[in-house]
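Following: one structure in C-alpha cells, then a few remarks.
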Amino acid sequence: MKRTGAEILWESLVAEGVEVVFGICGGAVIHITDALPRYPIRFVLMRHEQAAAHAADGYARATGRVGVCLATSGPGATNLVTGIATAYMDSSPLLAVTGQVPTPVVGTDAFQETDITGITLPITKHNYLVTDIFDLARTLKEAFHLARTGRPGPVLVDIAKDVQAAETGFSYPEGVELPGYIPERPPPEALVRRAAELLNAAERPLILAGHGVLLAGGHAELVALAERGKIPVATTLLGIGVIPGTHPLSLGMAGMHGTLQANRAIQACDLLLAVGTRFDDRVTGNPRTFAPHATIVHVDIDPAEIGKNVAPDLAIVGDAGEFLRALLPLAEPGDRRDWLAEIESWRRESGWEIPLQEEEKLLPQYVIHEIWRATEGKVLMVTDVGQNQMWEAQYYLHELPGSLITSGGLGTMGFALPAAIGAQVGRPDTQVWVIVGDGGIQMTIQELATVVQEGLPLKIAVINNGFLGMVRQWQELFFDRNYCATCLRNPDFARVAEAYGIRGLRVRQRHEVRVAIQEALETEGPVLIDFHVEQEANVFPMVAPGRPLSEMILPERKEAR
Amino acid sequence: MRHTLVAAVEDKPGVLNRMVSLFRRRRYNIESLAVGHSETPGISRMTFVVEGDDRVIEQVKKQLEKLVNVIEVRDVTGEPAVIRELALIRVRATGEQRGEVAQLVELYRARVVDVDHDSLMVEVTGTEEKVNHLITLLEPFGIEEIVRTGPVAMVRGARPKEFRMNVLK
C-alpha cells in the first residue's frame, strides 16, 4: 500500500516505539502535522523550537529512549540549534526532524530556507537531508540506530516538503548498512584484567564516575565494586546519582565546584579509575596538574576521548557497564582504612555545612537542602545553569541513579524548564522539580504555557538573587566587583506564574522555606516558588579556571570573625 | 612532523564537507588532500597530509573515524608506502630554451603534454620532493602556472581490508 512521506515518517516513528513528539508546526512540516491525527503519537506543542529540542532531550534523559522533536524549515530549524548542541555535548539520544523547502527550490534562498544540515554538521552525531522519498524510511532507521547506540547523540533529519507529499510503498527496514560505524565495543579482556591488577594493588584508589556509567546502566556494579574494595567514588556533574549521595563512599562531585574531599582525593590518589567521563576542563582544572600521583585508567566508549584531554596510563575503549561487570568479579576485597580516614578528615574540613547554619539571611544552599530534606533525595531534579545548578549539585544528595538532568557540557541557560517538561511527559508518575535562576527562567519562561496546556505538575523553584549570579561571582572574585551587565530587574515571578495559570508562591524569609516547599508538595498541579535569596552568595568551594584542583577557595568560617 | 594519512570513506554527498569541517573546527593543519574512487564501488579513498605531533595525529585519526561515513583511517607515514603526486606546470619557453626545458623534463621522467608558441605544459609524477626539485629548476625560465594534486599513497605489499557491510539484525 502506498504511503506519503509524512505517513512514512509517522509509521517509522511508531515502529521505533515513539510515543511523543515535541515541536511546533509550520509551513514546511504541514503535511507531517496533517497526517499526525491518524497515528497513536502524542504531540506536545511547545512555544519555541529551542524548548522543543530541550524537552525531547529531557525526555530522552529521563526515559533512556530517543527523544523526538519537530520543527519547520528556516527559523524553526535554526531555533533548534541550541537544543541540539546541548544534547550533543551531553551525549543525549535525540532525533530532530525538520521540514525543508521543496527539492526544486533547495539552494535558491527560497522563503524560510536554511541549510540546517550544514549548520548542524558539527553539533550532531550525524545528519541527513532527504530529497527522495525512496530514502526516507532507511534514513529514519539509520537515524534512530545512530542516536541510541554507542555514545548516544543527536541526529537531524531534514525532509524536503515535496518528499513529505510524495507517495511510495512502505516497509520499514530491518537493518542498517553503516560500514564506518562500530557502536559495540566490548572492553578487551586482557585490559580489564590489567585494570583489576592495578586496582587491587592500589593503596589509595579513587573512582571517578561520569555520565557514561549511567548511560550504560552500570551504577549497581559500580557501587558493588566500591563497596567490595572500599574504594571512594567521586563523580562528574552528569555522573551524580551513580552512587547514592549519602553513601559513606560517595565523595560528591569533583572539579571547579567539587567538594573538598573529591578534589583532594583526586590530587592524592595513587590510582584513578575514570569510567564514562571525558575529563572536561570543569572536572580537571589545569590538566597538567591533574591527579599527579595517580596511575590513570580511562574507560570510555568513544575512542576519540582517550588521550584527548588527559593522557591515561591504561586506556580501555568500551561500554562502561560491560567494563564494570567484567571487572567486578576480579576485584579483591580491601579495607583501605587509612585512605578512607584521610578522606573523612577532608570531609570534616570542607565547611559544607556552613551555609546551612546561617540563621539571618536566606541562603540558596539552605533552600536546596530543604527541598532535599522534604523529598528525601528521591525526586527527579532538573536544573538550569549557573549558581543554582552548582548549589543543587552540592546540596541535593541524590539517592537514585538518573535523578539529575542538567546541561553539563554546553551549560545552556533556559534548559531546565523545557527539559523538565520532557522529563515529566516521559515519567508522569515521578515528581519533577525544576531548579532555575532568575536569569535562566526568563530565557524559556514562555514554556509555562506548555506546562499548563499539558497539565504537568512541575514544582519550579526559582533561586532569585537578582543577578546573573555565576558571572557576578566571577566579577566579584576576578574583576574587582565590576558588576557590568549582570544585574537583573525582575518581574514578580509568582504573579507571572499566576497569569499563566500556575500557583505562584513567594519566599523572602528563612522560616518560610519549609512551609512553601510543603505547600508545593501538597498542591496537585504545577507550582512556582520564587525564593528571594541572598543576592551575593557564592558557590564554594571553587577552583579558579585553569588552576590546579589543589587550589580551592573555601567558604568562610564564621567563628574566625 | 608531517604525516600522510589514507582514509576509506563512503562515497556519499557531504562526506568531504564533514571531514573538512572537522579539520577546521578542531584546528588541524591540513596541507593537502586528494580524493577519488577506490576498488570498491561506493567507497572513496582519500590521502591527506597533516602537520602535527603524534598526539595531534592520533586525535585527527580518531575524530575522523568517529564520522559515520568514514570507514577507516590509516597513518602510513612510518610504513613502506609509495607516495606520489602529479603536477602540471606551464613554463615559458621560446626558441633554444625549449630544448633546455625538454632536457630537464627528460631527466625527471616528466612529459611535455601541451605546446604553445611561447610556453610548454609539463606533466610530472613523483614524490613531493621530486616535483619541488623540477619546479625549482624550471623557475629560471619563468613559471606561468602550477596545479598539483597533493600526494596519494598506497602501502607496499599489503592488500587492503575488504569492506564488509555490518548489517544490523
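No lab work stands behind these numbers, since they all come straight from the coordinates. Owing to the predicted nature of the structure, the values given are computational and were not obtained by experimental measurement. Here Cβ is always computed from backbone atoms with ideal geometry, including for glycine, and neighbour counts include all displayed protein chains.
For the range B:83-92, the Karplus equation 6.51 cos²θ - 1.76 cosθ + 1.60, evaluated at θ = phi - 60°, returns couplings of 10, 9, 10, 10, 9, 10, 10, 9, 10, 5 Hz by residue, with Gly and Pro reported as x. Counting pairs of Cα atoms in the range A:189-349, how many percent are more than 27 Å apart? Here the tail beyond 27 Å accounts for 11 percent of pairs. The B:E123 and B:R25 beta-carbon pair, evaluated with R₀ = 35 Å, returns a calculated FRET efficiency of approximately 0.45. The peptide list B:11-22, A:53-64, put in order of mean Cβ contacts within 10 Å with the highest first, becomes A:53-64, B:11-22. Where in the range A:170-188 is the amide nitrogen less than 20 Å from a point lying 7 Å along the Cα-to-Cβ axis of B:T40? Backbone N within reach: A:175-185. Considering every alpha-carbon pair of the range A:371-513, the percent of pairs per 10 Å bin, from zero through the bin containing the longest distance, is 11, 41, 36, 11, 1. By the helix-only formula, in which each DSSP H run with n ≥ 4 contributes -39500 (n - 2.57) and the sum is divided by residues, the protein assembly as shown has a 222 nm mean residue ellipticity of -9500 deg cm²/dmol. Candidate cross-link partners of A:K361 among the aspartates and glutamates, defined by an alpha-carbon separation under 14 Å and a same-chain spacing of 8 or more, comprise A:E512, A:E534, A:E536. Using the beta-carbon distance between B:R111 and B:E79 and R0 = 25 Å, what value does 1/(1 + (r/R0)^6) give for FRET efficiency, to the nearest 0.05? Step by step, r from the Cβ atoms, then E = 0.25. Determine the distance separating the Cα centre of the range A:51-100 from the Cα centre of the range A:327-405; give it in Å without decimals. The two parts, judged by their Cα centres, are 30 Å apart. Computed on chain B, the Cα convex hull volume stands at 146 Å³ per residue. Remark on the range B:2-78: ratio of C-alpha radius of gyration to 2.2 N^0.38 Å is 1.00. Taking a ≥ b ≥ c as the square roots of the eigenvalues of the alpha carbon gyration tensor, the range B:94-165 is prolate, as a/c is not under 1.5 and a/b beats b/c. Kindly identify the range A:2-169 as rounded, prolate or oblate by the Cα gyration tensor criterion: order the square roots of the eigenvalues as a ≥ b ≥ c, call it rounded if a/c is under 1.5, otherwise compare a/b with b/c, prolate if a/b is larger, else oblate. Rounded. Treating r as the C-beta distance of A:D313 and A:S550 and R0 as 25 Å, the FRET efficiency rounds to 0.75.
Note on the range A:383-430: Cα convex hull, mean projected area over all directions, 3.6 nm². Taking GluC sites (Glu not before Pro) in DSSP loop conformation with at most 10 other Cβ atoms inside 10 Å as exposed sites, chain A has its longest uninterrupted site-free stretch at A:175-358.
Shape class for chain A, computed from the alpha carbon gyration tensor (a ≥ b ≥ c): oblate, with a/c not under 1.5 and a/b at or below b/c.
Close Lys pairs in chain B (alpha-carbon distance under 19 Å; sequence gap of 8 or more, or different chains): 4.
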